[in-house]
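Undergrad: The structure follows.
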Amino acid sequence: MCIGYLKTCSPWYVEQYTTMEADLDLVRAKETISNHEDVKDFKITTMTVCVMLDSLVNLATICDKGHYCGFYNSVLIRKNKVAIKVFSNGNLHMTGVSSVKCALETAEQVCEILGKNHKVIDYQIMLINCCFRYALEDKIVSLHNFYKCLLRDSKYFCVLNSDTHAGLRIKVNYGPELHTSSIIVFQNGNVLVNAFVSGDELIHAFTYLSDCFKKYGHDILQQKGESTHSKRRKGEFDYSQFLVLK
């Protein structure tokens, strides 16, 4: 779990800690996957970070900046494609940030609105989603064959139901906390990895999937036009073009 305790709220410390730890961890993972010979178009699609303040928040001070959510225990603010949900307990739940540094800088701006009594003391990456595609050239992935191989050998839970979802979904477990993320593989080679919280988890998921392609490649890769159990139905959405959460 990528959790950072900020001992001081000085901009220098926040920037240095974030750059050296959380964000560079993701940058290294992104470079590792992007440089893989079979991978194209890697992209972080969304990131959700919870930033904790050191005291309770009087939502009345920011009610004119957003609108109340739920049972009036939070206010939602939208800024530069980032949705910031401010809770009365001092938690800032941000969706749409591009990095931890971006989340902390946004939190500092919220603190300026709230007043000088509020400071950032901690943060936690809640989830990160990404997508990429395997360059299959003239081939496609037989999801049915892939599913059979995983059922036989994989230690992870997997689901294939073309009536409800266009992809093969693999649930990957991390550590004793039983945190899970999802790998979703589509027939055209597009892949979503959802709900991971660190670069290490992303690398783990990618390495597992790549090993599967190496191990089962002869069984799961078919020439386009060959019979497959995973043909898209007419008019069906291409799920790989949309955000699919865990």
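Per-residue answers, yes or no, for (1) farther than 29 Å from residue 22 by Cα; (2) in a loop (DSSP other than H, G, I, E, B):
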site	(1), (2)
171	no, no
180	no, no
187	yes, yes
193	no, no
214	yes, no
217	yes, no
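Undergrad: Say we look at segment 138-161 and pick out the residues that are more than 26 Å from the chain's Cα centre (by Cα) and of a type in the set (Lys, Arg); which of these is farthest from residue 223 (Cα to Cα)?
TA: 152
Undergrad: I've got another one for you. Among the candidates 53, 24, single out the residue that is crowded, with 16+ Cβ neighbours inside 10 Å and either under 30 Å from residue 209 (Cα atoms) or not assigned by TED's automatic domain parsing to the domain that holds residue 190 (or both).
TA: Selected residue: 53, the only one of 53, 24 that is crowded, with 16+ Cβ neighbours inside 10 Å and either under 30 Å from residue 209 (Cα atoms) or not assigned by TED's automatic domain parsing to the domain that holds residue 190 (or both).
Undergrad: Now for a different question. Would you tally the residues in segment 138-171 being closer than 20 Å to residue 43 by Cα and at pLDDT below 95?
TA: Of the residues in segment 138-171, 1 are closer than 20 Å to residue 43 by Cα and at pLDDT below 95.
Undergrad: Let me ask something additional. Given the criteria out of contact with any strand residue (DSSP E or B) (no Cβ under 9 Å at 6 or more places or on another chain) and either at pLDDT 90 or above or of a type in the set (A, V, I, L, M) (or both), does residue 32 qualify?
TA: yes
Undergrad: Something else: If you check 109, 124, which single one turns out to be surrounded by fewer than 21 Cβ atoms within 10 Å (Cβ to Cβ), in a strand (DSSP E or B) and not hydrophobic (A, V, I, L, M, F, W, C)?
TA: Testing whether each residue is surrounded by fewer than 21 Cβ atoms within 10 Å (Cβ to Cβ), in a strand (DSSP E or B) and not hydrophobic (A, V, I, L, M, F, W, C) leaves just 124.
Undergrad: Have a look at 22, 83 and point out the one that is outside any loop (DSSP other than H, G, I, E, B), at pLDDT 90 or above and of a type in the set (Gly, Ala, Ser).
TA: None of the other options fit; the residue is 83.
Undergrad: Which members of segment 196-246 meet the condition of being farther than 19 Å from residue 147 by Cα and at pLDDT 85 or above?
TA: Answer for segment 196-246, where residues must be farther than 19 Å from residue 147 by Cα and at pLDDT 85 or above: 196, 197, 198, 199, 200, 201, 202, 203, 204.
Undergrad: Select from segment 86-99 the residues that are modelled with pLDDT under 90 and not polar (S, T, N, Q) and list them in ascending order.
TA: Result: no residue meets the conditions.
The values are calculated or read from the model by the stated rules, or taken from the named source; none is laboratory data. All values reported here derive from a predicted model rather than from experimental measurement. Cβ sites come from the backbone with ideal geometry, for glycine too, and all protein chains shown count toward neighbours.
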